[in-house]
Amino acid sequence: MKNTERSGATAPFSLELKGISKSFGAIQANKNIDLAVRPGTIHGIVGENGAGKSTLMNILYGLHRADEGEIFINGAPVAIRKSADAIAHGIGMVHQHFMLVSRFSVLENVMLGSEGGALLKTGREQTLERLQELSDTYGMRVDPKALIADLNVGNQQRVEILKALKHGADILILDEPTGVLTPQETEQLFEILKSLRADGKTVIMITHKLEEIMSVTDAVSIMRRGEMVGHRETKNTSTAELAELMVGRSVLLQVDRGTSKPAKVAVTINGLGATDDVGVRILDDVSFEVRGGEILGIAGVSGNGQTPLMEALTGMRTPTEGRIDMLGVTISPQHSVDPSALRAQGLGHIPEDRHQHGLILDFTAQENMVFGYHRAAQTGSGALMDVKSIKEHTTTLMAQYDIRPPNPDLPARNFSGGNQQKIVIAREMFPNPKVLVVGQPTRGVDVGAIEFIHKQLIALRDEGCAIILVSVELDEVMSLSDRIIVMNDGHIVGELPHAEFDEKRIGLMMAGIKEEAA
């Protein structure tokens, strides 16, 4: 049953926030925020990492309580003290990191919170019927019996949206919804959001990707350092204006990469093959070289061998065939190499998944900043690690990489996703590695930080570093790389020099069409 406070269909705004402020100790995350969102629209919220976007939406969803301010739904004031209050007022949220039980089925996850009694029969039947109705209405086909653990991230996201809609959401918040999606999955998501808009739903989308704001939203609000600095109708703005409002200065949306000067071969891969834990072939006869002073981009739809290739290069996976020669070390089926040994020889690694392989979230920023380098100079000169030296080192890198808040003692989990990424990038770039393996370097990172990270990668290249870059952002691969190889189903389908880069041609190769045919 709908809450009576949700019945104001004629209200000019489905959502209004007035004077919202929120502090965490000395850090003011939100300061006197005003926001008004029209019903039946897709409204974007953009801002740098740490600008306060997620905090504001967490207040709206009842995960935080505002220190000051008011919330209005369809013109009526409401009190939201917990998530149950938000759900009762028709608010649903899809978080950046999904809130699903991986061992439960789709049906069981959607049913949580509306089980319908101890025997579950009524709840299961009602949920299955509603799930089918929502799937038909919005084109979100997902097998109700499938386990969450067996679904790709695009379908897991669909389950989150279906769950929110099943609970009666008229206002749907999505926090960085495309950060883990392939381009194809992103297009599918946007079609779903447009169908929700057509049905009168209100969608609020937090994102750092300005091209997505321009392509799918009706209006956009811009935050900077905890304050709301502007509101724009999307049709009346541009990516350049939005970037400048976000950062407070002009931003280069396309970095000047200059001309590379490749030196001697730094990495050689010959006939590399690998299988997964159940014997399925995931790398097949992969061969290429990378020289110092060049960036080799690896393009491909996520899940086509890029991850096991990076694992093999960094000593995290032993190949079943072929060999890698790098930094005076050979990696082969007969000779596995510990990742720490490769790091000691000059290998840097920015992993695809910062939570799984890049950070220990319960450890502080300064502890995370020296992982893998705990015997290096920045940890002190004595037999024991020097905490003061580590803190000074972390403080310097936090300033250099604009990591917010600049608190070395703060646990990593208390930083925004983009600032977590900056901690990993700062740690891996600081030692000036000879070879750098980079997976999704700007995932979840704002436009100002993207500019900075891209400049740092070009600078490392120009200093002679051999860089292997993997990204699902084809624009990023094309703008940074000196050469691109394209992977499909675990093998290389083509290679192009920078002068021959063509988005359509690369896209065809990503779909498995050989270079000659493409």
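The values are calculated or read from the model by the stated rules, or taken from the named source; none is laboratory data. Since this is a predicted model, take the numbers as computed values, not measurements. Methodologically, a virtual Cβ is constructed for each residue, glycine included, from the backbone with ideal geometry; neighbour enumeration extends over all protein chains shown. Heads up: the accessible areas ignore ligands, DNA and RNA and are worked out on the full protein's heavy atoms, side chains in. Shrake-Rupley method; radii C 1.70, N 1.55, O 1.52, S 1.80 Å.
What the table shows:
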read-out: In degrees, nearest ten, helix 387-400 long axis to first principal axis of the chain (Cα); value: 70 degrees
read-out: Length gained when the stretch residue 199-residue 489 is fully extended (0.36 nm per residue, less Cα-Cα span); value: 100.6 nm
read-out: Contact order relative to length of region 123-252, as percent, for alpha carbon pairs under 8 angstrom and 6 or more apart; value: 17 percent
read-out: Whole-number percent relative contact order across region 184-245, with pairs defined as alpha carbons under 8 Å at least 6 apart; value: 24 percent
read-out: Assigned charges on the beta-carbon of Lys, Arg, Asp, Glu; region 401-518 dipole about Cα centre (debye); value: 440 debye
read-out: Cα-centred dipole magnitude for region 209-308, charges only on beta-carbon of K, R (+1) and D, E (-1), debye, nearest 20; value: 440 debye
read-out: 16 Å tail of the calculated P(r), region 391-518, as % of Cα pairs; value: 66 percent
read-out: Taking the chain and dividing mean pair separation by its residue count, relative contact order in percent (alpha carbons under 8 Å, at least six apart); value: 15 percent
read-out: Calculated FRET value between residue 514 and residue 38, using beta carbons and R₀ = 41 Å, to 0.05; value: 0.25
read-out: Dipole-positive endmost among 459, 399, 330 within the chain (Cβ charges, Cα centre); value: 399
read-out: Residues of type lysines that residue 235 reaches as a straight line, Cα spacing below 29 Å, ignoring anything fewer than 8 places off in the same chain; value: 18, 31, 53, 194, 201, 209, 504
read-out: Sequence of 129, 352, 503 when ordered by accessible area, the most exposed leading, probe 1.4 angstrom; value: 129, 503, 352
read-out: Packing-based order for 321-331, 456-466, using average beta carbon neighbours within 10 Å, highest first; value: 456-466, 321-331
read-out: All-pairs alpha carbon distance profile, region 15-159, 10 Å steps from 0, percent; value: 10, 32, 31, 22, 5
read-out: Accessible area per residue in Å² at 1.4 Å probe, computed on the chain; value: 44 Å²
read-out: Fully extended contour minus Cα-Cα distance, from residue 129 to residue 400, at 0.36 nm per residue; value: 92.2 nm
read-out: Whole-Hz ³J(HN,Hα) from phi, Karplus 6.51 cos²θ - 1.76 cosθ + 1.60, for region 437-443, glycine and proline x; value: 9, 10, x, 6, x, 10, 5
read-out: Positive-end residue, region 137-271 charge dipole about Cα centroid, Cβ charges, pick of 236, 213, 192; value: 213
read-out: Carbon and sulfur %, accessible surface of the chain computed with the full protein complex present, 1.4 Å; value: 50 percent
read-out: FRET efficiency for residue 97 and residue 192, using Cβ-Cβ distance with R0 set to 22 Å, rounded to 0.05; value: 0.65
read-out: Two-site FRET efficiency, residue 225 against residue 413, from Cβ-Cβ distance with R₀ of 35 Å, rounded to 0.05; value: 0.95
read-out: 12 Å reach of a label modelled at residue 385, 7 Å along Cα-to-Cβ, counting backbone N of region 364-378; value: 364-376, 378
read-out: Pairwise centroid distance, computed over Cα atoms, of region 182-247 with region 442-518, Å; value: 25 Å
read-out: 452, 72, reordered so the largest accessible area comes first (probe 1.4 Å); value: 452, 72
read-out: Only Lys, Arg (+1) and Asp, Glu (-1) charged, at Cβ; the chain dipole about Cα centre in debye; value: 1080 debye
read-out: The chain: angle of helix 183-198 to the longest principal axis, Cα-based, in degrees nearest 10; value: 10 degrees
